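Asker: The structure is given below, and queries will be raised subsequently.
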Amino acid sequence: RYISVTGVQTCALPISSIIKDINVYFDNSASMFPYEMGTSNDFRQDLNSFFNILNQQKGIKWDFYSVNDAIYPIPGLSLRALVADNNIYNHFKNLGNHSTTNYQEIFSKVLKKSKFGSLNILITDLIYSTSQKEKLSAQDLSRDFGQLSNIIFKKYSDSISLILFKMSSPYKGMYWGNFDDAEDSSRINQKRPYYILIFGSKPEILNLVHNK
């Protein structure tokens, strides 16, 4: 069986019988909310299709998390309730700080949980937001992402693999510039990209890609 994902790039992946747990992490920053307000419901429909096809394998345990300044479990949320709701963010919009995305903590914990038998899925626009009040220079951004790469990803590079889907969906709302600078921010109504990142052990990711 294959996962077919529509978006800017379309890929097909077989479902693996060795996967027992799927953890889904929703980027709960303010820049994600306008995807739910777009001129169509592509965002929700694509995610629901993605989840439903993964769930064709029986016995998978699903857990859901909200991520921004930290990782917050979403209590009592089932896959059935999630796909039935017209607005996914209804279930966790009130969790955490919407103005900060702590990617170092998010990726560190997601990679740590990506052991054999478990897939970890991050849904995000990959927009970097910090709690700092000053604007970051290019050197600051290079330093932060260098730390993310060298300290976090390097640690798991021998055991964990990643599949990244670039998706696209209508986006209706505020698009923020650097630190909410009014001069760099504007209200838009157009398609914008977002991303689905799947982390897993190397054998599982290879199985997803190559197993017939």
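Asker: Tell me which residues, restricted to region 28-40, are surrounded by fewer than 16 Cβ atoms within 10 Å (Cβ to Cβ) and under 19 Å from Lys93 (Cβ atoms).
Answerer: Here is the first cut: in region 28-40, the residues surrounded by fewer than 16 Cβ atoms within 10 Å (Cβ to Cβ) are 37, 39-40.
Within region 28-40, Met37 is the sole residue that qualifies.
Asker: What tally of residues in region 84-94 results from selecting those that are of a type in the set (A, V, I, L, M, F, W, C) and over 16 Å from the mean Cα position of the chain (by Cα)? Talk me through it step by step, then tell me what you get.
Answerer: Filtering region 84-94 down to residues of a type in the set (A, V, I, L, M, F, W, C) leaves 84, 88, 92.
Those left that are additionally over 16 Å from the mean Cα position of the chain (by Cα): 84.
Residues flagged as of a type in the set (A, V, I, L, M, F, W, C) and over 16 Å from the mean Cα position of the chain (by Cα) within region 84-94 amount to 1.
Asker: Just name the residue that is most open to solvent (accessible area, probe 1.4 Å) out of those in region 149-176 that are in contact with a Ser or Thr (Cβ under 9 Å, 6 or more places away or on another chain) and at pLDDT below 80.
Answerer: Going through the qualifying residues, I end up with Ile151.
Asker: (1) farther than 21 Å from Leu148 by Cα; (2) at pLDDT below 90: which one isn't true of Lys115, the others all being true?
Answerer: (1)
Asker: Kindly indicate which of Val67, Val24 is in contact with a helix residue (DSSP H, G or I) (Cβ under 6 Å, 6 or more places away or on another chain) and surrounded by 15 or more Cβ atoms within 10 Å (Cβ to Cβ). Before the answer, list the steps.
Answerer: Details: Val24 fails: in contact with a helix residue (DSSP H, G or I) (Cβ under 6 Å, 6 or more places away or on another chain).
Being in contact with a helix residue (DSSP H, G or I) (Cβ under 6 Å, 6 or more places away or on another chain) and surrounded by 15 or more Cβ atoms within 10 Å (Cβ to Cβ) holds for just one of Val67, Val24, which is Val67.
Asker: Could I ask something else about it? In region 76-124, what count of residues is obtained for those that are in a loop (DSSP other than H, G, I, E, B), polar (S, T, N, Q) and free of Cβ contacts under 8 Å to residues at least 60 places away in the same chain?
Answerer: 6
The values are calculated or read from the model by the stated rules, or taken from the named source; none is laboratory data. For clarity, every value in this text was computed on a predicted model and none was experimentally measured. Methodologically, a virtual Cβ is constructed for each residue, glycine included, from the backbone with ideal geometry; neighbour enumeration extends over all protein chains shown. Areas reflect the complete protein model, heavy atoms only, side chains present, ligands, DNA and RNA absent. Shrake-Rupley method; radii C 1.70, N 1.55, O 1.52, S 1.80 Å.
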